[in-house]
Amino acid sequence: MARRSKSLMGAADAHRFVLTTVHDETSALLKAVEEICRRYPPNEDLFFIRYLLRMVVLETRRHRLD
């Protein structure tokens, strides 16, 4: 039987790492979507995507600070 090795980081550190990664990547994607919204004609689908990305950024920022 294979022996389970010890985790490289604890649950709290892993959670913080995931939130930070999701926040950073979503923020970068949001900046790109906002630039597209400024350059091209209005598009309801793109505005909805921008709204969802903003929600993710706000929630990950809020939870990172807890």
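The values are calculated or read from the model by the stated rules, or taken from the named source; none is laboratory data. Quick caveat, the model's predicted, so the values are computed rather than measured. When we count neighbours, we look across all protein chains shown, and the Cβ atoms used for this are built from the backbone with ideal geometry, even at glycine. Side chains included, ligands, DNA and RNA excluded: accessible areas come from the protein's heavy atoms. Shrake-Rupley method; radii C 1.70, N 1.55, O 1.52, S 1.80 Å.
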Å² per residue, accessible surface of the chain at 1.4 Å
90
Would you kindly state how much longer the chain becomes between Ser27 and Arg39 on full extension, computed as 0.36 nm times their sequence separation minus their alpha carbon distance, in nm to one decimal?
2.5 nm
Would you check the accessible area of Arg54, probe 1.4 Å, heavy atoms only, in square angstrom rounded to 10?
100
Leading residue at positive end of dipole, the chain (Cβ point charges), from Ala11, Met55, Pro41:
Ala11
Order of exposure, largest accessible area first, which applies to Leu46, Leu30, Leu8 with probe 1.4 Å:
Leu8, Leu46, Leu30
Would you indicate which of [x] 1.59; [y] 2.49; [z] 1.14 is the value of Cα Rg over 2.2 N^0.38 Å derived from the coordinates of this structure?
[x]
At a 1.4 Å probe, what is the % contribution of carbon and sulfur to the accessible area of the chain?
60
With only helices counted (DSSP H, runs n ≥ 4, each -39500 (n - 2.57)), the per-residue ellipticity at 222 nm for the chain, to the nearest 500, works out to -27500 deg cm²/dmol
What ranking of Lys6, Lys31 comes out by heavy-atom accessible area, probe 1.4 Å, highest first?
Lys6, Lys31
What is the helix-to-structure angle for 11-39, meaning the angle in degrees between its Cα long axis and the longest Cα principal axis of the chain, kept from 0 to 90 and rounded to the nearest 10?
10
